[in-house]
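**Q** Dropping the structure in here first, questions after.
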Amino acid sequence: MTTTTKEALPITVQNVTKTYGPVHALDDVSLEVRSGEFLTLLGPSGSGKTTLLMVLAGFTRPDCGSLKFGDREVIRTPPHLRDVGMTFQSYALFPHMTVAGNVGYPLRLRKLPKAEIAERVEKALETVQLGGFGERRIDQLSGGQRQRVAVARAIVFEPQILLMDEPLSALDKKLRDQMQIELRHLHEQLGMTTVYVTHDQREALTMSDRIAVVNNGRIMQLATPRDLYERPANRFVADFIGDSTFLPVKKRGDHVYYGDTALMHDAPPPEAKELMLMIRPERIVLTDDGPREGSNNFEATATNVVYQGDSFLLQAKLPDGGEIALRGATRGAQLSSMPSVGDRVMLSVAPEDTVLIDGTGA
Ligand code: ADP
Ligand code: MG
């Protein structure tokens, strides 16, 4: 498929709320998706991701709020007039139709001439690397191929906006990893404004320009993958993305203390009732030669050591009973110096890896 010449439309969601009885599926959501951006909604099951996508597609009418594609208010526009392509959480393919029948469906709805339908269907199939598969039956395809058919059907009418709801969740890990890269390439090739849904944090980090972390129908943080991981806004985001240790800390005067030890940190602490020190396990250094100058040092006792192939996981107890986790490389000397349970260990965290966050979670 040729790159679309239409300008990719930005999406503006303002104060959208959708309730189902007592459930706030969406709770006053505001969000801007930039022109041509790949934005991911990431959140646990039941957090409102599908509901938001259905609002964008026009299948769900929110209780209130505004939705614009470019300058155009579309909240009252029916789905087929929104110029939006969508893949659903289940493939939602028609099993009795051929591949070409499925992909051409949106074009037949739009009553395009037969010859043009055939041409566009083949182009869309080539885009998802299924050229020549048109006459196959859906039940003769693998999971990955079915997913490609669903994507071909979503892009066949060259929509300006593409919505994808957990398209890869049914695939095994290898294929999922491969399809993540493929879908990202497809996005670069077609340039559509894309909203992608997943509950898989690694998938979100791999694919997205920006990620909106969703919980209980609200957006907890909207940021680039790097900012989300490095500077999570609160405990929920820090917990949901990557692994981390949280230690309670207190602000006294100009310093932040863990117990009686003043911490070295780069960024100022946030205003929060409950302040936490967040440490990523791979940012902790195991030092053999005592405390490191210019770093935060923690003495601890190894409680669990697990060899995991590409890395090892060390869990340790701090003198005050707090738990801390470290991930170490299984490379050369580091593997041979892997501690054993019961060992006293010295853990060192550089100031720039010391993240102070709002520990309340929301
Ligand atoms: P997600 O896609 O993040 O798993 P959903 O958007 O599907 O979450 O659901 C958000 C919340 O809204 C859930 O509590 C869900 O049970 C509820 N919900 C979604 N759709 C309906 C519906 N049609 N009727 C009643 N409750 C619904
Ligand atoms: Mg869902």
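**Q** Quick one: which strands (runs of 3 or more DSSP E) sit completely within the stretch 1-111 and have at least 3 residues that are buried (at least 21 other Cβ atoms within 10 Å of the Cβ) and within 16 Å of ligand 1 (Cβ to nearest atom)? Let's see the steps before the verdict.
**A** Numbers: elements: 11-20, 23-33, 38-42, 64-69, 84-87.
Hits in the stretch 1-111: 11-20, 23-33, 38-42.
**Q** Restricting to the stretch 236-252, name every residue that is away from ligand 2 (no atom under 16 Å from the Cβ), farther than 16 Å from Ala267 by Cβ and not in a loop (DSSP other than H, G, I, E, B).
**A** Residues satisfying the conditions are Phe236, Asp239, Thr245, Phe246, Leu247, Pro248, Lys250, Arg252.
Residue-by-condition table, conditions (1) more than 31 Å from the chain's Cα centre (by Cα); (2) in a loop (DSSP other than H, G, I, E, B); (3) surrounded by 14 or more Cβ atoms within 10 Å (Cβ to Cβ):
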{"residue": "Met264", "(1), (2), (3)": "no, yes, yes"}
{"residue": "Ala267", "(1), (2), (3)": "no, yes, no"}
{"residue": "Glu271", "(1), (2), (3)": "no, yes, no"}
{"residue": "Leu277", "(1), (2), (3)": "no, no, yes"}
{"residue": "Gly290", "(1), (2), (3)": "yes, yes, no"}
{"residue": "Asn297", "(1), (2), (3)": "yes, no, yes"}
{"residue": "Thr301", "(1), (2), (3)": "yes, no, yes"}
{"residue": "Val306", "(1), (2), (3)": "no, no, no"}
{"residue": "Gln315", "(1), (2), (3)": "no, no, yes"}
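**Q** Of everything in the stretch 20-70 that's out of contact with any Leu (no Cβ under 9 Å at 6 or more places or on another chain) and among the acidic types (Asp, Glu), which residue is nearest to Val214 (Cα to Cα)?
**A** Within the stretch 20-70, the match that is nearest to Val214 (Cα to Cα) is Asp27.
**Q** Restricting to the stretch 174-209, what's the tally of residues that are more than 16 Å from the chain's Cα centre (by Cα) and either more than 29 Å from Gly70 (Cβ to Cβ) or open to solvent by 60 Å² or more (accessible area, probe 1.4 Å) (or both)?
**A** 6
**Q** If you take the residues of the stretch 24-71 that are within 16 Å of ligand 2 (Cβ to nearest atom) and without any contact (Cβ under 8 Å) to a residue 12 or more places away in the chain, which of them is farthest from Val237 (Cα to Cα)?
**A** Only one residue tops the list, namely Met54.
**Q** A follow-up question, please. On the basis of being buried (at least 18 other Cβ atoms within 10 Å of the Cβ), of a type in the set (S, T, N, Q) and farther than 30 Å from Ala325 by Cβ, does Thr245 make the cut?
**A** Criteria not met by Thr245.
**Q** Within the stretch 179-203, track down each residue that is more than 16 Å from ligand 1 (Cβ to nearest atom), in a helix (DSSP H, G or I) and within 18 Å of Thr224 (Cβ to Cβ).
**A** Gln180, Arg184, His187, Glu188, Arg202
**Q** Among the residues of the stretch 110-131, are any within 30 Å of Lys174 (Cβ to Cβ), touching a strand residue (DSSP E or B) at 6+ places or on another chain (Cβ under 9 Å) and basic (Lys, Arg)?
**A** no
**Q** Kindly list the number of the only condition in (1) within 16 Å of ligand 2 (Cβ to nearest atom); (2) buried (at least 17 other Cβ atoms within 10 Å of the Cβ); (3) hydroxyl-bearing (Ser, Thr, Tyr) that fails for Thr127.
**A** Condition (1) is where Thr127 drops out.
**Q** Still on this structure: From Leu186, Leu263, Leu228, Leu163, which residue is within 16 Å of ligand 2 (Cβ to nearest atom), touching a helix residue (DSSP H, G or I) at 6+ places or on another chain (Cβ under 9 Å) and among the hydrophobic types (A, V, I, L, M, F, W, C)?
**A** Being within 16 Å of ligand 2 (Cβ to nearest atom), touching a helix residue (DSSP H, G or I) at 6+ places or on another chain (Cβ under 9 Å) and among the hydrophobic types (A, V, I, L, M, F, W, C) holds for just one of Leu186, Leu263, Leu228, Leu163, which is Leu163.
**Q** Give me a count of the residues in the stretch 326-355 that are of a type in the set (Asp, Glu) and in a loop (DSSP other than H, G, I, E, B). Talk me through it step by step, then tell me what you get.
**A** Filtering the stretch 326-355 down to residues of a type in the set (Asp, Glu) leaves 343, 352-353.
Among the residues that remain, those that are also in a loop (DSSP other than H, G, I, E, B) are: 343.
Residues in the stretch 326-355 being of a type in the set (Asp, Glu) and in a loop (DSSP other than H, G, I, E, B): 1 in total.
**Q** Right, here's the next one. For Ala212, only one of the following conditions fails: (1) within 16 Å of ligand 2 (Cβ to nearest atom); (2) surrounded by fewer than 22 Cβ atoms within 10 Å (Cβ to Cβ). What is its number?
**A** (2)
**Q** Spot the failing condition for Leu109; the list is (1) touching a residue at least 60 places away in the same chain (Cβ under 8 Å); (2) under 19 Å from Val84 (Cβ atoms), and only one is missed.
**A** Leu109 satisfies every listed condition except (1).
**Q** Just checking, does the stretch 93-106 include any residue being among the hydroxyl-bearing types (Ser, Thr, Tyr) and under 18 Å from Ala8 (Cβ atoms)? If you could, list the steps in order and put the result at the bottom.
**A** Taking the stretch 93-106 and keeping what is among the hydroxyl-bearing types (Ser, Thr, Tyr), we get 98, 105.
Then drop every residue that is not under 18 Å from Ala8 (Cβ atoms), which leaves none.
Among the residues of the stretch 93-106, not one is among the hydroxyl-bearing types (Ser, Thr, Tyr) and under 18 Å from Ala8 (Cβ atoms), which makes the answer no.
**Q** Output the residues belonging to the stretch 293-335 that are basic (Lys, Arg) and either touching a Lys or Arg at 6+ places or on another chain (Cβ under 8 Å) or under 22 Å from Phe246 (Cβ atoms) (or both).
**A** Correct list: Lys317, Arg327.
**Q** Can you find a residue that is out of contact with any Gly (no Cβ under 9 Å at 6 or more places or on another chain), farther than 21 Å from Pro232 by Cβ and among the hydroxyl-bearing types (Ser, Thr, Tyr) anywhere in the stretch 340-359?
**A** Checked against the condition, which is being out of contact with any Gly (no Cβ under 9 Å at 6 or more places or on another chain), farther than 21 Å from Pro232 by Cβ and among the hydroxyl-bearing types (Ser, Thr, Tyr), the stretch 340-359 yields at least one hit.
The values are calculated or read from the model by the stated rules, or taken from the named source; none is laboratory data. Everything quoted here is computed from the prediction, not taken from an experiment. Reconstructed Cβ throughout: ideal geometry from the backbone, glycine too, with neighbour counts over all protein chains shown. Heads up: the accessible areas ignore ligands, DNA and RNA and are worked out on the full protein's heavy atoms, side chains in. Shrake-Rupley method; radii C 1.70, N 1.55, O 1.52, S 1.80 Å.
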